Amino acid sequence: MTSSNQLRLMVYSSLMAALVAAGAFIAIPIGPVPIVLQNMFVLLTGLLLGRKWGLATIAVYLLAGGLGLPVFSAGRGGFAHFASPTGGYLVAYLIVVYLVGWITEITQERNRDHQTRQFVTDIVAMIIGSVVVYAIGVPWLKAVTGMPWSKAVAVGALPFLVGDLVKVVAAALIARIIRPAIRQTLQLSADSPA
Amino acid sequence: MAQLTVFEYRAGTSFLHQQDVRCKITSLILINALAFNATHIGLIVLSGLLILMFLQLRISILTTLRNLRLLFLILVFVLGTRSIYTQGDPLFQFGFLVITGQGLQSGAVYCWRLITLFLAGIIFVSSTGITEIKSGIQWFLKPLPGIPERKVAVMISLMVRFLPLVLQQAGEISEAQKSRGAEIRKNPVKRLTLFSVPLFRRVFETADRLVLAMESRCFSENRTDPQMKLKSVDLISMVILFVLGIIIFTL
């Protein structure tokens, strides 16, 4: 990979971090509840940038939020936020993006030119990712607030499950459209003498 | 329709603009820590301080808050869950949902904390330029091993710079689709896809243009950073903030 591609990936990664941050503030009203887009953008980061740069994206996002820049959901900044009831979800993003990126990378050779297979792999990767989010987020919520399990699950997971399924399917469709363009650009800039 | 979002940097010559960036980052972390630990009186003092800063910057707090409608939606959600899941004397009762006085109170204080945190962040972002943020973060990360501080600092500053742009583009796309009657469509998957694809396209186009601009200006990580100078005013304001912090902690 040329240095030009390194720069391009770094810029992509920074702008994806901006997208993830923006995802906490933009919502699409569907029915009575607006759907917040942040976790969909996190999954897409893994799908589009792979594990290394995906991890960098989320790490940069969390670091910026930790420093107190207003990027966390509901604008909470500061390291104190990691200790709050929803801090577990943020930490889980790091693992999820790596996992989704890794699954994408090990399957991409086999899925080349197989759109349907790629689509199914993406969905499976994101479902595994979402499970991990709750597997870390809900116990964290329970530990911090001292709620019983039933309440922690009722507050921290159940209300979001349907929305998450919608987001996973939508993210797979989006990745199918956006990914070829990104691959092509990276290919072109790798070929050109930088 | 270039509407300013609240995350934008505003050029100026106010006291806050001229303060050393390292002091500003330290203050920001300090204010965040305080907001999470302060009692009522401490929160009032902190809020007063932030309002003073807003006046100094000549930014309207009301406009800022009006721009953050989604924040309030989330706050209402936080308030709701807090009121329901805190044990105490029941205040209202809707079926099996019991809203307690204690819950309502702790929820309100929590929301106040979040707003304080948010306003502090806004003040920082609107009074600090992108190169300053970069060199400040770089200075703080330098002693940490295993972190490529120059790269990380560039990435954070790019992210902060492009957050308002992404939000603005998302707003434009949403308005454009509303004007074409997108709300009639009920299928949520379709709605999400139709909204996100143009957003991602635009963001990656912006990224490509940015790469071109950076390459043509021979971007490298080893560039000369703006010099940071600690003035005596910075030190004095830091000392004042620390003293205030200790007072708030002990209150």
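The values are calculated or read from the model by the stated rules, or taken from the named source; none is laboratory data. All values derive from a computational prediction rather than experimental measurement. No Cβ is skipped: glycine too gets one built from the backbone with ideal geometry, and neighbour counts run over all protein chains shown. Each accessible area value is taken on the protein alone, full model and side chains, heavy atoms only, with ligands, DNA and RNA left out. Shrake-Rupley method; radii C 1.70, N 1.55, O 1.52, S 1.80 Å.
Couple of notes before you dig in:
- Solvent exposure of the range B:95-195 amounts to 43 Å² per residue of accessible area, where only protein heavy atoms count and the probe is 1.4 Å.
- Rounded tilt (10° steps) of A:87-111 against the dominant C-alpha axis of chain A: 30 degrees
- Its alpha carbons give the range B:118-213 an Rg and a Dmax of 17.8, 55 Å.
- Relative frequency of Cα-Cα separations exceeding 28 Å in chain A, percent: 26 percent
- For chain B, the spherically averaged projection of the C-alpha convex hull amounts to 18.9 nm².
- Counting Lys and Arg as +1 and Asp and Glu as -1 over every other residue whose Cβ lies under 15 Å from the Cβ of B:PHE219, the net charge comes to +4.
- Most positive-pole-ward Cα, B:SER179, B:ALA207, B:ILE137, against dipole of the range B:134-220 from beta carbon charges: B:SER179
- Per the accessible-area calculation with a 1.4 Å probe, the total area buried between chain A and chain B rounds to 5400 Å².
- For the residues of B:119-129, the average number of beta carbons from a partner chain within 10 Å of their own beta carbon is 3.
- 12 Å beta-carbon shell around B:GLN177, net charge (K/R +1, D/E -1): +2
- Ranking A:GLY66, B:SER232, A:MET126 by Cα position along the charge dipole of the protein assembly as shown, where only Lys, Arg, Asp and Glu carry charges on their C-beta atoms, puts A:MET126 farthest toward the positive end.
- Charge context of B:ARG10, other residues only, Cβ under 14 angstrom, K/R +1, D/E -1: 0
- Multiplying each eigenvalue of the alpha-carbon gyration tensor of the protein assembly as shown by 5 and taking the square root yields semi-axes of 34, 30, 20 Å, largest first, rounded to whole angstroms.
- Over chain A: helical MRE at 222 nm, DSSP H runs n ≥ 4 each giving -39500 (n - 2.57), nearest 500: -26500 deg cm²/dmol
- Rolled with a 1.4 Å probe across the full set of protein chains, the surface gives B:CYS218 an accessible area near 110 Å².
- Dipole magnitude of the protein assembly as shown about its Cα centre (Cβ charges: Lys, Arg +1; Asp, Glu -1), debye to nearest 20: 420 debye
- Rounded to the nearest Hz, the phi-derived 3J(HN,Hα) couplings of the range A:124-133 under the Karplus curve 6.51 cos²θ - 1.76 cosθ + 1.60 (θ = phi - 60°) are 4, 4, 6, 5, 4, x, 5, 4, 4, 3, where x marks glycine and proline.
- With all protein chains in place and a 1.4 Å probe, the accessible surface of the protein assembly as shown carries 67 percent carbon and sulfur.
- Ordering of B:118-127, A:48-57, A:105-114 by packing is B:118-127, A:48-57, A:105-114, highest average first (other Cβ atoms within 10 Å, averaged per residue).
- Span-like helix criteria (full DSSP H runs; alpha carbon extent of at least 15 Å along the helix axis; mean Kyte-Doolittle hydropathy of at least 1.0) are satisfied in chain B by B:21-37, B:40-57, B:69-85, B:101-127, B:232-250.
- Residue by residue along B:26-33, Cβ atoms of other protein chains within 10 Å of the local Cβ number 4 on average.
- Checked against a 21 Å cut-off, the cross-linked pairs B:LYS142/B:LYS229; A:LYS151/B:LYS190; A:LYS167/B:LYS190; A:LYS167/B:LYS186; A:LYS167/B:LYS151; A:LYS52/B:LYS190 give Cα-Cα distances beyond that limit for A:LYS151/B:LYS190; A:LYS167/B:LYS151; A:LYS52/B:LYS190.
- Computed about its Cα centre, the charge dipole of the range A:3-191 is approximately 80 debye, with only Lys, Arg, Asp and Glu carrying charge at their Cβ.
- Shielding score for B:210-217, defined as the mean number of other chain Cβ atoms within 10 Å: 4
- Probe 1.4 Å, accessible area per residue of chain A, Å²: 39 Å²
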